[in-house]
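Just below is one structure, and these are the notes that go with it.
Every number in this text was worked out from the coordinates using simple rules, so none of it is lab data. It should be emphasised that the depicted structure is a prediction, and the values quoted were computed from it without experimental measurement. In this analysis, Cβ positions are derived from the backbone assuming ideal geometry, glycine residues included, and neighbour counts consider all displayed protein chains.
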Amino acid sequence: MKKLLFIIAIVFGATSTQVQASNFISNTNSNILTVEVNKPTVNLLCTSIAKGDLDIVKKLIANGESVNKKSNGQTPAMYAARYNRTEILELLIAEGANLRVKDNKGYSALDYAKATNAVGAQKLIEAALVK
């Protein structure tokens, strides 16, 4: 029974930050099991970049979304470089993306392009860094 309750707590923990298993235990039992799930969140701009949705990216930028705001430690340019989204990367550069910024591991957008063999993104970034 306790294993079942633990599994239920894990499942519900995937959809919320904190689950108290006491909701699933009878009122006479005072044992409380708390499970915390810390999953990284990626903002809508970076999610749209990863998916390659140029129209949504344009709309988000037009509505004031920052092209330099980090999401899960990475800038939008890093996401574009990582997934070789060259059209989106061109837009980000035109909108003032800072390509010299590094993530919390010390990697730049150019590093992500090289690591994922994103040749198109790598060429764009190298050209932009020369200017």
5 angstrom amide H check on V35, placed H, neighbours 5+ away: V19, A21
Karplus-derived HN-Hα couplings along the stretch 95-106 (A = 6.51, B = -1.76, C = 1.60, θ = phi - 60°), whole Hz, x at Gly and Pro: 8, x, 4, 8, 7, 8, 5, 10, 7, 5, 9, x
Quick one: what does P(r) look like for the stretch 40-88 with 10 Å bins over all Cα pairs, in whole %? 31, 63, 6
Dividing the alpha-carbon radius of gyration of the stretch 44-130 by 2.2 N^0.38 Å, where N counts its residues, gives 0.94
Around V101, with a cut-off of 15 angstrom between Cβ atoms, what is the net charge of the other residues, counting Lys and Arg +1 and Asp and Glu -1? +3
Which peptide among 48-57, 93-102, 70-79 comes first, and what is the full order, when sorted by highest mean count of other Cβ atoms within 10 Å? 70-79, 48-57, 93-102
